[in-house]
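Heads up, the thing below is written out as structure tokens.
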């Protein structure tokens, strides 16, 4: 079983709709959770981090964390074509400086 | 401010050849990392360095060696390249400590081993 799991997609969402990306993790002691965005042919960039249960909002992005269910999600409101990318979920279980990445979900926003 | 710079951007090797991927950061970060990215496999950690003078194995270290030359530079060496090492390689850095998870990535190296 992979430590961090994501649906690889592709996920297609109409422009202006809400895109919902999901991630589950296996290590219950995980403490820090991140979403990275990677455009095709480019390097990943950090877009959201979340450390405690609940929602965290930043502009059109909302990260949601449920540690009891070992589940973290990313919502993108008012989706734009420029949001088309692969979204990588990353988890840190504390005690070291290593992130474990999921395989990523490819998101396509349809104009 | 260049951030994380890695060279070369592209490289083609024959099986058995050796090469070194170079990485430098100008953000005064303590921690540096080497990842490889393969289709369907996500980013996998090869080696990392939490501070100057220290290196540790990641998830897939076999076939690789690293050197943390100084605080700025962290190189990755393939001593005898194999086709299984065909991949995109990313160098990354972070402040370290509780900020370790906020990684800043270089632009990547596309490596093909024939």
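The values are calculated or read from the model by the stated rules, or taken from the named source; none is laboratory data. Just so it is clear, the structure is predicted and the values come from calculations on it, not from any experiment. Positions of Cβ are generated from backbone atoms using ideal geometry, with glycine treated the same way; all protein chains shown enter the neighbour counts.
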Members of region A:1-19 found to be surrounded by fewer than 15 Cβ atoms within 10 Å (Cβ to Cβ) and assigned to a strand (DSSP E or B), listed by number: A:12, A:14
Is there a residue in region B:3-20 that is part of a loop (DSSP other than H, G, I, E, B), at pLDDT below 95 and at positive phi? yes
Qualifying residue in region B:49-70 (condition: within 29 Å of residue A:5 (Cβ to Cβ), loosely packed, with under 13 Cβ neighbours inside 10 Å, without any contact (Cβ under 8 Å) to a residue 40 or more places away in the chain and more than 14 Å from chain A (Cβ to nearest Cβ)): yes
Identify the single condition in (1) within 14 Å of chain A (Cβ to nearest Cβ); (2) out of contact with any strand residue (DSSP E or B) (no Cβ under 8 Å at 6 or more places or on another chain) that residue B:80 does not satisfy, given that it satisfies every other one. (1)
Residue in region B:31-43 that is farthest from residue B:93 (Cα to Cα), counting only those that are crowded, with 18+ Cβ neighbours inside 10 Å and either at pLDDT 90 or above or touching a helix residue (DSSP H, G or I) at 6+ places or on another chain (Cβ under 6 Å) (or both): B:37
Would a scan of region B:57-79 turn up a residue that is in a loop (DSSP other than H, G, I, E, B), touching a helix residue (DSSP H, G or I) at 6+ places or on another chain (Cβ under 7 Å) and farther than 21 Å from residue B:9 by Cβ? yes
Given the conditions (1) within 14 Å of another protein chain (Cβ to nearest Cβ); (2) within 24 Å of residue A:85 (Cα to Cα), every one holds for residue B:111 apart from (1)
Here the qualifying pairs (Cβ atoms under 6 Å; residues six or more apart or on different chains; first in region A:24-53 and free of Cβ contacts under 8 Å to residues at least 12 places away in the same chain; second surrounded by fewer than 19 Cβ atoms within 10 Å (Cβ to Cβ)) come out as A:43/B:107
Does residue A:88 satisfy the criteria of being more than 14 Å from chain B (Cβ to nearest Cβ), surrounded by 21 or more Cβ atoms within 10 Å (Cβ to Cβ), in a strand (DSSP E or B) and touching a residue at least 40 places away in the same chain (Cβ under 8 Å)? no
Taking residue B:33 and the conditions (1) touching a residue at least 60 places away in the same chain (Cβ under 8 Å); (2) over 21 Å from residue A:41 (Cβ atoms), which numbered condition does it fall short on, given that it satisfies the others? (2)
Residue list for region A:34-49, filter: in contact with a strand residue (DSSP E or B) (Cβ under 8 Å, 6 or more places away or on another chain), outside any strand (DSSP E or B) and within 8 Å of another protein chain (Cβ to nearest Cβ): A:43, A:44
